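Comments concern the structure below.
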Amino acid sequence: MSYDIYIGNAVVKSAWTGGGEYEDEPFAEWVVEPLELPGAAPFKDDATGYGNHCHPGYHQWDQAMRSCGLHTLWFGNDPIERSGLLKSHPGITPLTPGHLAIVETAYQSYCAKHPDAKPGGCSCKACEPWQSDPDVPHDPQADFNLVRFDWMLFWMRWALANCERPAVYNH
Ligand SMILES: [Zn+2]
């Protein structure tokens, strides 16, 4: 089970046509379309390339955002009265400069706590279950949270600078 998270411009995917399921009221579904930009921060270059989307497992994203100091930004403080960027799943939330500022502050704090870390994933057998070569050494500096930070910072800055309706969409 995973989130599909997109950062970019909110657009209407389907609109009320005056009949069928939404006969009695207008309806619009807002989404952020997938997009790739050359030179964008890759979330994981073997999976999503230079795209505005990532697809982390539920538990993986929960744990990673806790480690990054961004759990409240994504999930809010209250599991019942949910707030945060993932307050509805599926759902879409307007992205604000305040959200970006939270990520920038958390990034600086994370780098200060992990001064030797380098963005990347370790491919040793202990870190990467699909690794078949037992001799690949563990890389203690490789830190995938820094890849996540790079991805979030790039796309949040890009969306705020370039989009009419910057948003974070998930399904
Ligand atoms: Zn490792």
>> Could you check the stretch 105-128 and list, in sequence order, the residues that are farther than 12 Å from residue 68 by Cβ and more than 16 Å from the ligand (Cβ to nearest atom)?
In response: 112, 115
>> Anything in the stretch 144-171 that is of a type in the set (Lys, Arg), part of a helix (DSSP H, G or I) and out of contact with any Cys (no Cβ under 7 Å at 6 or more places or on another chain)? List them, or say none.
In response: 157
> Residue check: is residue 88 surrounded by fewer than 19 Cβ atoms within 10 Å (Cβ to Cβ), assigned to a strand (DSSP E or B) and at pLDDT below 95?
Replying inline: no
> If you go through the stretch 54-65 one residue at a time, do you hit one that is under 18 Å from residue 158 (Cβ atoms) and modelled with pLDDT of 90 or more?
Replying inline: yes
>> From the list 150, 133, exactly one residue is more than 8 Å from the ligand (Cβ to nearest atom), over 28 Å from residue 36 (Cβ atoms) and either out of contact with any strand residue (DSSP E or B) (no Cβ under 8 Å at 6 or more places or on another chain) or in contact (Cβ under 8 Å) with a residue 60 or more places away in the chain (or both). Which is it?
In response: 133
> In the stretch 34-78, which residues are touching a residue at least 60 places away in the same chain (Cβ under 8 Å) and over 13 Å from the mean Cα position of the chain (by Cα)?
Replying inline: 37, 40, 67
> From the list 81, 104, which one is part of a helix (DSSP H, G or I) and either without any contact (Cβ under 8 Å) to a residue 40 or more places away in the chain or surrounded by 14 or more Cβ atoms within 10 Å (Cβ to Cβ) (or both)?
Replying inline: 104
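The values are calculated or read from the model by the stated rules, or taken from the named source; none is laboratory data. These figures come from a predicted structure and were not determined experimentally. Here Cβ is always computed from backbone atoms with ideal geometry, including for glycine, and neighbour counts include all displayed protein chains.
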